[in-house]
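The values are calculated or read from the model by the stated rules, or taken from the named source; none is laboratory data. Everything numeric in this text was worked out from a predicted model, so none of it was measured. Cβ: placed from backbone, ideal geometry, glycine included. Neighbour counts: every protein chain shown.
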Amino acid sequence: MAKTAPEPIRDPKADHLLTPENCALVLIDYQPEQYRTVTSSTKEEINLNVIALCKLATAYDLPVVVSTVGVDMGVNDGTEEKILAELPDVKEIDRTGVNAWEDEEFRKAVDATGRKKIVIAGLWTEVCLTFPTLDMLAEGYEVYPVADAVGGVSVTAHHQAMERMRQAGAQPVTAISFGSELMRNWARPTSDRFRNVLQWYFPKRFELVDQGKA
């Protein structure tokens, strides 16, 4: 018998896997000053995957929190314009500290999503991503760092940070694995939301590979 119907959908809020109803996306410090010092990946590769996260968040109506550091102080510029263009209704939360979780406005914004599963990405991996991840884990959140949407000052710094978060209980994902987890079944009426992202993603990715930037 041909299989054309989706399996029954598990409770989307109680599912132990990520669903559009149980997770939120957090992006931290995608600013020019951070990009300039990342050497574990290329800016183009990072942006491809961060923008994929944004497109997925929009497609599946996920709450999104975006934070910057040092903009109000006049020492840094804001979030990469290509990223903000994907999130026109999201307000940036600026901070003075490297650990976003120590900023009250940021904590309240994450709490306000009502979600305990937090998909998170930030620059650098070893600082602005790792510190809030460790704090959120300590406070009972489930945290999913997006390994291919982040970068550190060196390959070693990036990998050691990923290992530190993993040992603390974080569950690393990648941008496209995240989309697959949200979509879950090709026969669902909402699967075209993911297909549309893939149709945008792979031509961009193959172009970067051809250019030696991925």
Give just the number: which of (1) in contact with a strand residue (DSSP E or B) (Cβ under 9 Å, 6 or more places away or on another chain); (2) part of a loop (DSSP other than H, G, I, E, B); (3) free of Cβ contacts under 8 Å to residues at least 40 places away in the same chain does residue 21 not satisfy?
(1)
Evaluate the stretch 44-60: report whether one residue or more is free of Cβ contacts under 8 Å to residues at least 60 places away in the same chain, touching a Pro at 6+ places or on another chain (Cβ under 8 Å) and outside any helix (DSSP H, G or I).
no
Being surrounded by 14 or more Cβ atoms within 10 Å (Cβ to Cβ), assigned to a loop (DSSP other than H, G, I, E, B) and modelled with pLDDT of 95 or more is the requirement here; does residue 170 meet it?
yes
Would you check if residue 86 is part of a loop (DSSP other than H, G, I, E, B), touching a Cys at 6+ places or on another chain (Cβ under 7 Å) and at pLDDT 95 or above?
yes
Pull out all pairs, ordered by first then second residue, where Cβ-Cβ is under 6 Å, the residues are six or more apart or on different chains, the first lies in the stretch 179-196 and is surrounded by fewer than 19 Cβ atoms within 10 Å (Cβ to Cβ), and the second is not in a loop (DSSP other than H, G, I, E, B).
191/183
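Considering 23, 54, which residue is in contact with a Phe, Trp or Tyr (Cβ under 8 Å, 6 or more places away or on another chain) and modelled with pLDDT of 95 or more?
Testing whether each residue is in contact with a Phe, Trp or Tyr (Cβ under 8 Å, 6 or more places away or on another chain) and modelled with pLDDT of 95 or more leaves just 23.
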Extreme residue, surrounded by the most Cβ atoms within 10 Å (Cβ to Cβ), among residues of the stretch 96-124 that are among the charged types (D, E, K, R) and part of a helix (DSSP H, G or I)
107
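The rows are residues; the columns are (1) of a type in the set (Ser, Thr, Tyr); (2) under 14 Å from the mean Cα position of the chain (by Cα).
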site: 16; (1), (2): no, no
site: 19; (1), (2): yes, no
site: 26; (1), (2): no, yes
site: 29; (1), (2): no, yes
site: 39; (1), (2): yes, no
site: 42; (1), (2): yes, no
site: 48; (1), (2): no, yes
site: 55; (1), (2): no, yes
Residues in the stretch 107-126 that are out of contact with any Phe, Trp or Tyr (no Cβ under 8 Å at 6 or more places or on another chain) and over 23 Å from residue 52 (Cβ atoms): how many?
4
